[in-house]
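Below is one structure, written out as structure tokens; comments come after it.
The values are calculated or read from the model by the stated rules, or taken from the named source; none is laboratory data. Since this is a predicted model, take the numbers as computed values, not measurements. Virtual Cβ from ideal backbone geometry, glycine too; neighbours counted across all protein chains shown.
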Amino acid sequence: MRRKNSRFRRPLALLAAIAGLASGSGASSCNLVVDTDVAQCETTADCVAKGPEFADAVCSEKACVLGDCTTNAECSARFGGEPAICRRPGRLCVQLTTPECTEVVPADALAEDQTVVLGFIGPLSGPDVQSGAPAWEGVKLALNELEQTAVGLPVKGTTERRRLAVLACDDANEASKAAKHLAESVRAPYIIGPAFSSVLLDIATKVTVPAGSLLMSFSATSPAITDLSDNGLVWRIPPSDALQAIPMATLVSDFETQIRTEQSIPTSTPIKVAMTVLGDAYGTGLANAASGLIQFNGKAANDNGDNFLRLDYKPDTKDFSGTVSAVLAHKPQIVLLVGTTEAVTSIFDGLKADASANKRIYLFSDGGKIQQLVDSAGALRPNVFGTAPGRETPQYQAFKGRFKAFYANKDPQTYTEHAYDATYLAAYALVAKSEQSATGATMNQGLSRSIGGTKIPAGPSQVNTAFAALLEPEGKIDYDGVSGPLDFDVTKGEAPADVDVWCIDAGGKFTSSGQFFNSLTKKVEGARTKCN
């Protein structure tokens, strides 16, 4: 018996069941197990086709191989009780928790070996935590509702139920490392996140698409994502910023009229507008789209000469004093802040210290809708507005009630509902393709069956109705999300959506102003009546 150690990896030794199968057929079990001169497979599908004994085998160096575990429990024991799985196919022990990935919900789901482990990735620490933690709260609420209502996800043609668990990873410091753990080690078929467009473009290109995991972002809105070459493995809940730019431009025109009236500025005297822009895929994408639509002084922004000031700053900027000073020297009546946490804590906080701060209107993009802005606005509250995908519909109000009940009367924050929708869509996609192993490709196919069928509102009320529809041959649902109808273009993995105009109410909470961009009519509708 010859051993070719350069090609045979001892940790992937075949289990005795396969050797026994070979003996029964008259073949040499020794040759089947270790003699890799005989090509057994080209792909993992070739191994699976050999029969039930090979259901969890993988094709490695043209040999059908298995690892050395059968249950999640034995893997957890090997890692000192830490959450772990016996990953299939391949039957390899993988510890789920790492310094970046610290929480599995629900933890007890790992006791069942057929549980499907998905991923979440977003900033769960550091200065941008408000862009990630609220979304993770939305995921956990959805998981709890599914656990309570469905008691597992049905599998076509069987009476089995598979539970769903999500491993949360913090991308605040090493996004690529967290993504590699989810996509390459855990091999999560579906990852909710990331939050930021620049992170999405980076990890999708370098990690998740090559590994075959599907990303479903809850807040990445850059127009650059729309036509990304991604093999159908990048989707998002919010719309492209090409839509958010429309209400932003409308607001600038509205505010010009308001300012001229309140400050007695004649039409013959030009006003000034300044725009500060985070220089990443999100900031530049939205700013470019908005700049092409904004009009004031009777002309386009880019035709306003010295009356329009745009200041782009690098994502790694630490000192914003120059940006703040340049805006103040410009003396604008309207300031647009297109960024994330830094737009609030570094730029807005610098501008509000100026003696003329209350004579300016501050218009934020969705990245500025964070608790730090509420805490900082103070007396400038009536001057602060912003835009964000989604709208406070009756569907949203029902979700808000469930969220507050689950989180001790806490209000949901920005993009909480988008991550909540992403979780329900994952469950429905898994059921739609439950006859196949969960992969990024099958999740993509399952998501395509979330439109054009039986109307299903977000939340727990019709979960089992949705399951019944999806278990039918080629069955479909029409998922009506908390964040919007989500009528996806499945070739692009995104859907049009309304964009809300928000403000801060007298009680110190974000609220819908009453004005919004209607994605069906393509117009800004309503009036800002709730911001006094």
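Listed values, structure above:
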quantity	calculated
Only listed residue being surrounded by fewer than 16 Cβ atoms within 10 Å (Cβ to Cβ), outside the structural domain of T158 (by TED's automatic domain parsing) and polar (S, T, N, Q), chosen from T521, T465	T521
Selection within the stretch 212-258 - outside any helix (DSSP H, G or I) and either among the hydroxyl-bearing types (S, T, Y) or more than 23 Å from the chain's Cα centre (by Cα) (or both)	S213, S217, S219, T221, S222, T226, S229, S240
Qualifying position, being assigned by TED's automatic domain parsing to the domain that holds T317 and in a helix (DSSP H, G or I), among T269, T276, T261	T261
Meets criteria (in contact (Cβ under 8 Å) with a residue 12 or more places away in the chain, over 21 Å from G119 (Cβ atoms), not assigned by TED's automatic domain parsing to the domain that holds R381 and not in a strand (DSSP E or B)) for G446	no
Among the residues listed as E256, E262, the single one being over 24 Å from E417 (Cβ atoms) and surrounded by fewer than 21 Cβ atoms within 10 Å (Cβ to Cβ)	E262
Residue list for the stretch 322-356, restricted to those being without any contact (Cβ under 8 Å) to a residue 60 or more places away in the chain and either acidic (D, E) or in the same structural domain as V199 (by TED's automatic domain parsing) (or both)	D349, D354
Which listed residue, of D375, D366, D312, D306, is surrounded by 24 or more Cβ atoms within 10 Å (Cβ to Cβ), of a type in the set (D, E), modelled with pLDDT of 95 or more and outside the structural domain of Y190 (by TED's automatic domain parsing)	D366
I361, sole failed condition from (1) under 23 Å from the mean Cα position of the chain (by Cα); (2) among the hydrophobic types (A, V, I, L, M, F, W, C); (3) buried (at least 18 other Cβ atoms within 10 Å of the Cβ)	(1)
Of all residues in the stretch 106-135 being under 14 Å from the mean Cα position of the chain (by Cα) and among the aliphatic types (A, V, I, L, M), the one that is surrounded by the fewest Cβ atoms within 10 Å (Cβ to Cβ)	A133
Residue among D37, D46, D68 that alone is more than 30 Å from E147 (Cα to Cα), in a loop (DSSP other than H, G, I, E, B) and at pLDDT 80 or above	D68
